[in-house]
1. How about the stretch 168-195: which of its residues are touching a residue at least 40 places away in the same chain (Cβ under 8 Å) and of a type in the set (S, T, N, Q)?
2. Collect the residues in the stretch 52-73 that are within 15 Å of A260 (Cα to Cα) and open to solvent by 10 Å² or more (accessible area, probe 1.4 Å), keeping them in residue-number order.
3. Which residues, counting only those in the stretch 90-118, are touching a Lys or Arg at 6+ places or on another chain (Cβ under 8 Å) and under 16 Å from T48 (Cβ atoms)?
4. Just checking: which of the helices (runs of 4 or more DSSP H) contained wholly in the stretch 143-209 hold 1 or more residues that are more than 17 Å from S261 (Cβ to Cβ)?
5. For the stretch 210-232, name all the residues that are open to solvent by 20 Å² or more (accessible area, probe 1.4 Å) and part of a loop (DSSP other than H, G, I, E, B).
6. What pairs come up if the first residue lies in the stretch 40-63 and is on the phi > 0 side of the Ramachandran plot, the second is among the polar types (S, T, N, Q), and their beta carbons are under 7 Å apart, counting only those six or more places apart or on different chains?
7. Which residues, counting only those in the stretch 241-258, are open to solvent by 30 Å² or more (accessible area, probe 1.4 Å) and in contact (Cβ under 8 Å) with a residue 12 or more places away in the chain?
8. If you go through the stretch 124-142, how many residues are surrounded by fewer than 18 Cβ atoms within 10 Å (Cβ to Cβ) and part of a strand (DSSP E or B)?
Amino acid sequence: MRMKLIAAAALAASTFLLGTAAHADQLADIKKKGELVVGVLGTDEPATFVDPKTRQIVGYEVDLVNAIAKKIGVKPVLKQIAVAARIPELQQGHVDLVAAGLTHNKEREAQIDFSLTTFVTGQKAIVKKDSGITEVPQLAGKKVLTIRGGTQEPNIRKAVPNVEVVTFDTSQQAFQALQQGKGVGYVDDEAALLRSYAKLGPQKAQYVVLKQNLSTEALAIGIKKGESGLKAVVDDTLRELEKSGDAEKIFIKWYGPNTASGFQSRDFKLESDKID
C-alpha cells in the first residue's frame, strides 16, 4: 500500500511538473499555432493606428512586432485592446505580447515582464492659449483631460496634486474634449501629443504646448511573467534591428523630420530592458 502511495505521489508530481513546463513554454505554443497574437491600441498614431486607405493597423510598434513574428516564423495577428485592458489581456493569455504604448515601470514589473525599451518619450501638457497658463503648476484646480488606464493620470496628479482629471477611453476622445472646451489642458506622451497638435492646422495658434515634462517614459513590449524563451526572441529581434540599422529606419519612417511628429533625431537605442 505504501509503495502504491509513493508511486501515485511521484506520478502526480511528474504530471504537475510536465504541466508547468508546458504552460511556461509560450514560445512553443506560438510556433504550434502559427500565430503571434499581439495586443495593440490601434488608436495611437503613429505607434499603432488604422490606415484610412487600407483599413489595416500600421505604425511604429506594428513594424517591430512584424519583425518579431518573422523571426519566430509565424503570422502576426493584431488584436485591438483598450489602454486599461493591456495588462489583464496579457495575464489572461488573450494575447501573446502587448505593443500598445506600454510604459515600463517598477510597479508593473511585479505583474509582467518587459522587452528592451522600444521608445523613450516625455509626457507633456497642452493648454488653450486663452487660459493664460504657461507652466504646469498653474494647472492647479483646473480640469485636465487624458486617457484612462495609462500613466498620464498618475503623473499629472503627482506633478499637480490638486488638479482635476477627467479621463477618456482613447486619446482622440480626450483631445477632442479639449477642443470642445471640456477642460483647459490635455496630457499625453510627447510624440502622440505633438502629432495631435500638428493636426490642428491653423487652429494651432489657439493652443500652447507647455515646455515642462511631467515625466520621462520608457516604453516597451509587454510579455507574460516568466516567459523567458519568448522574451529572449523578442529582445534578440530588437537587438538585430538596432545592429542592422533597421531600428533607425523604422523610427524615421514614423517619427522623423518628414512626419507630423517632426523628430529630428532618435536619442535612444534598442539595447536595454533596465529602467531607473
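The values are calculated or read from the model by the stated rules, or taken from the named source; none is laboratory data. No experiment lies behind these values; they were computed from the predicted model shown. With ideal geometry, Cβ positions are generated from the backbone for all residues, glycine too; neighbour counts draw on all protein chains shown. Side chains are part of the model used for accessible areas, which takes the heavy atoms of the whole protein and leaves out ligands, DNA and RNA. Shrake-Rupley method; radii C 1.70, N 1.55, O 1.52, S 1.80 Å.
1. Those that are touching a residue at least 40 places away in the same chain (Cβ under 8 Å) and of a type in the set (S, T, N, Q): T170, S171, Q172.
2. The answer is none; no residue qualifies.
3. L90, V95, D96, V98, A100, L102, S115
4. Correct list: 152-159, 171-179.
5. Correct list: K211, Q212, N213, L214, K224, K225, G226.
6. G42/T48; G42/Q80; G59/T48
7. E242, D246, E248, I252, K253, W254
8. 1
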